[in-house]
Amino acid sequence: MRNRSNTSGAREPQRNAWFLPREHGATAMLLTPMVCAAILCRAWRWSELATLTAAFAALAAKDPAVVLARQRLVWMERHPETAAAAKWFAAWVILLILSGLVLLETWPRRAVIPMGLGVGVFSAVAIAVNIKNRQRSTWFQIASAVALTSSSLATCLSARGAIAPWCWWLWLLMAMQAAAGILVVHARLDARIALRGTGFATDRFRRAAQAAIIALACAAAAAAILARGWIALALLLAATGYGYDLHRQRDPASLQMPLKKVGQQALALSSLFAGLLILGFW
């Protein structure tokens with residue numbers, strides 16, 4: 001049943017908004033693995049460009065799709081941003097279809113269906129979650145990290161015609177690092193709530209972040225045992241960086257740090273992590 005007004009409280013795009021990806025963290029999770037895989041494949045095919053445009057179009061189409069879905073299912077009156085959303089959604093879908101046609105001609109047939117289904121299912125889930133205003137759900141964000149970092153697999157498939165064994169490990173490690181970062185951010189948000197006394201706060205995310213950091217440390221030890229020094233260093237760096245962030249969350253002054261700066265520091269850590277992985281898999 002439709003509501004008479006938008007009571008979701010979610011921030012909606014303005015009338016003349018450009019429907020480009022606004023979540024910089026998600027964009028980085030999508031593009032960084034692609035860059036890593038492209039470098040490690042040591043080969044170039046034009047289909048890699050189609051992979052990039054398809055991935056970006058699929059990510060960008062989500063926001064206008066959410067507006068259109070809300071207009072259809074939630075809002076009683078027509079909202080001014082709906083017309084712009086329809087145009088942007090059509091443009092992104094056209095780009096996605098054109099890119100998909102290129103990939104259909106260059107990818108092995110056995111890879112097209114699972115990749116296409118994966119993108120379609122995740123996009124539908126993302127739209128549904130946003131309509132219900134559950135996009136801040138930790139489990140959804142972790143699932144998003146797993147899905148977005150799989151862009152490395154698509155890039156490898158475009159560059160080499162098959163997914164190399166090392167690329168599965170690249171995907172796993174980047175997903176682990178991204179998930180740990182998400183949990184550390186949620187732990188920080190919990191700590192800020194506790195500091196301000198504006199709501200009920202628990203240590204649930206802090207404990208989950210600690211478990212993720214331990215997993216990174218264990219993976220670093222395993223890589224060291226297997227004589228993969230650069231990979232071990234990358235994992236140890238991520239574990240240390242996130243461990244330090246958890247430690248400084250005990251300091252009220254650190255909790256006053258703007259989230260934009262926190263995000264910039266997390267991006268720097270992720271970039272260094274990716275660089276070390278490239279050296280490790282080279």
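Which whole-number percent of Cα pairs in the range 217-279 have a distance greater than 16 Å? For the range 217-279, the share of Cα pairs beyond 16 Å comes to 51 percent.
In µm²/s, what is D for the chain at 4 °C and 1.567 mPa s, where D = kT/(6 pi eta Rh) by Stokes-Einstein and Rh is the Kirkwood radius from Cα pairs?
64
From the Cα gyration tensor of the range 114-194, with a ≥ b ≥ c the square roots of its eigenvalues, which class applies: rounded if a/c is under 1.5, or else prolate if a/b is larger than b/c, or else oblate? The shape class here is oblate. At the residue level, K87 shows approximately 150 square angstrom of accessible surface with a 1.4 angstrom probe and all protein chains present. Residues in the chain average 55 Å² of solvent-accessible surface per residue, probe 1.4 Å, ligands and nucleic acids excluded.
Counting only protein chain heavy atoms and rolling a 1.4 Å probe, the accessible areas of L103, L31, L98 rank, largest first, as L98, L31, L103.
Among A162, A175, A50, the residue with the largest mean-square fluctuation in a Gaussian network model of the chain, with springs joining Cα atoms closer than 10 Å, is A162. Expressed as a whole percent, the accessible area of the chain that falls on carbon and sulfur atoms is 67 (1.4 Å probe). When the surface is traced with a 1.4 Å probe over the full set of protein chains, I94 keeps roughly 100 Å² accessible.
For the options S144, S47, S254, a Gaussian network treatment of the chain with springs between C-alpha atoms closer than 10 Å singles out S254 as fluctuating the most.
A cysteine counts as unpartnered when no other cysteine's C-beta lies under 4.7 Å of its own; in the chain this applies to C36, C41, C218. If you take all other residues with their beta carbon under 14 Å from the beta carbon of Q265, and give Lys and Arg +1 and Asp and Glu -1, the sum is +3.
Each other residue within a Cβ distance under 11 Å of V129 adds +1 if Lys or Arg and -1 if Asp or Glu, for a net charge of +4.
Rolling a 1.4 Å probe over the protein chains gives R42 an accessible area of about 150 Å².
Remark: the chain carries a charge dipole of roughly 580 debye about the Cα centre, counting +1 on each Lys and Arg Cβ and -1 on each Asp and Glu Cβ. Backbone phi angles across the range 87-96, fed through the Karplus curve with coefficients 6.51, -1.76 and 1.60 (θ = phi - 60°), yield HN-Hα couplings of 5, 5, 4, 4, 5, 5, 5, 4, 4, 5 Hz in residue order; Gly and Pro are listed as x.
Convex hull volume of the Cα atoms of the range 170-266, normalised per residue: 88 Å³. Of the residues L59, T106, S271, the one whose Cα sits farthest toward the positive end of the charge dipole of the chain, with +1 on the Cβ of Lys and Arg and -1 on the Cβ of Asp and Glu, is L59. If every alpha-carbon in the range 26-139 counts as one equal scatterer, what log10 I(q)/I(0) does Debye give at q = 0.10, 0.16, 0.23, 0.24 1/Å? Values, matching the q order: -0.36, -0.84, -1.36, -1.41. Computed over the chain, the per-residue total of -39500 (n - 2.57) for DSSP H runs of n ≥ 4 gives a 222 nm mean residue ellipticity of -26000 deg cm²/dmol, rounded to 500. The residues T32, T155, sorted by heavy-atom accessible surface at 1.4 Å with ligands and nucleic acids left out, run T32, T155 from largest to smallest.
The values are calculated or read from the model by the stated rules, or taken from the named source; none is laboratory data. As the structure is a prediction and not an experimental result, all values here were calculated from the model. When we count neighbours, we look across all protein chains shown, and the Cβ atoms used for this are built from the backbone with ideal geometry, even at glycine. Side chains are part of the model used for accessible areas, which takes the heavy atoms of the whole protein and leaves out ligands, DNA and RNA. Shrake-Rupley method; radii C 1.70, N 1.55, O 1.52, S 1.80 Å.
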